[in-house]
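A quick write-up on the structure given underneath.
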Amino acid sequence: MQRHGFGRGEYQYFKYPLPPLVQYLRTTLYRPLVAVANHWSAAMGSDVRYPDEHDAFTARCHAAGQTQPTPLQLRYGVGDYNCLHQDLYGEHVFPLQVAVLLSQPGEDFTGGEFVLTEQRPRGQSRPEVVPLQRGDAVVFAVNQRPASGSRGIYRVALRHGVSRVRTGRRQTLGILFHDAP
Ligand SMILES: O=C(O)CCC(=O)C(=O)O
Ligand SMILES: [Fe+2]
């Protein structure tokens, strides 16, 4: 889990060409997320805009030397966990990512909860556990998202991780839309 952050467990990045299902999920999930990404970018005062199709965004990553695919499979056994982290690898960052739980909580494993923390400016981090069943996907911010308060829009910084697996085995599919150098 070194490159992925820190923790205990196995992870495996897919290579190009991606398995057809992973490729399909990456390109089709991208489309509805572009509107959110562009809205967030404008709200946070950034000039970055994301193209409608994932191919065009991949071309942008590749032109900047970010050519390594980032979708990955993660496997956690007893005692494994994933420290709170952000999957930032280069200049080009698509601000949302997806994780799909491939195992059934309570049957295949216990513990191993998907955890997010949200940090408001000058604030402490607020934890959030996202309850997932096998086959559920969670869409979450890679780095920052805008939030509105009484004094306008401010940035919330997110981190994500997985609490310790207590019994069994937990598997996930992680889909990031930017590639890595
Ligand atoms: O195993 C998980 O639920 C989270 C994996 C992860 O860190 C990711 O998909 O980026
Ligand atoms: Fe991650």
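Summary table below
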| quantity | calculated |
| --- | --- |
| When the range 81-139 is reduced to its Cα atoms, the Kirkwood hydrodynamic radius in Å | 13.5 Å |
| Cα pair distances exceeding 19 angstrom across the chain, given as percent | 59 percent |
| Two-site FRET efficiency, T28 against I153, from Cβ-Cβ distance with R₀ of 35 Å, rounded to 0.05 | 0.75 |
| Inter-site label distance for T167 and Q133 at 7 Å from Cα along Cβ, in nm | 2.1 nm |
| Gyration tensor verdict on the range 57-163 (Cα atoms; rounded if a/c is under 1.5, prolate if a/b is larger than b/c, oblate otherwise) | oblate |
| Estimated 222 nm signal from helices in the chain, with DSSP H stretches of n ≥ 4 weighted -39500 (n - 2.57), rounded to 500 | -6500 deg cm²/dmol |
| Förster radius 25 Å - calculated FRET efficiency between E10 and Q119 (Cβ-Cβ, nearest 0.05) | 0.30 |
| Per residue accessible area in Å² of the range 7-175, where ligands, DNA and RNA are left out and the probe is 1.4 Å | 53 Å² |
| Portion, in percent, of the accessible area of the chain that falls on carbon or sulfur, probe 1.4 Å | 52 percent |
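The values are calculated or read from the model by the stated rules, or taken from the named source; none is laboratory data. All values reported here derive from a predicted model rather than from experimental measurement. Neighbour counts are summed over all protein chains in view; Cβ atoms, including those assigned to glycine, are modelled from backbone coordinates with ideal geometry. For the accessible areas, the whole protein counts, side chains as well, though only heavy atoms, and no ligand, DNA or RNA atoms are used. Shrake-Rupley method; radii C 1.70, N 1.55, O 1.52, S 1.80 Å.
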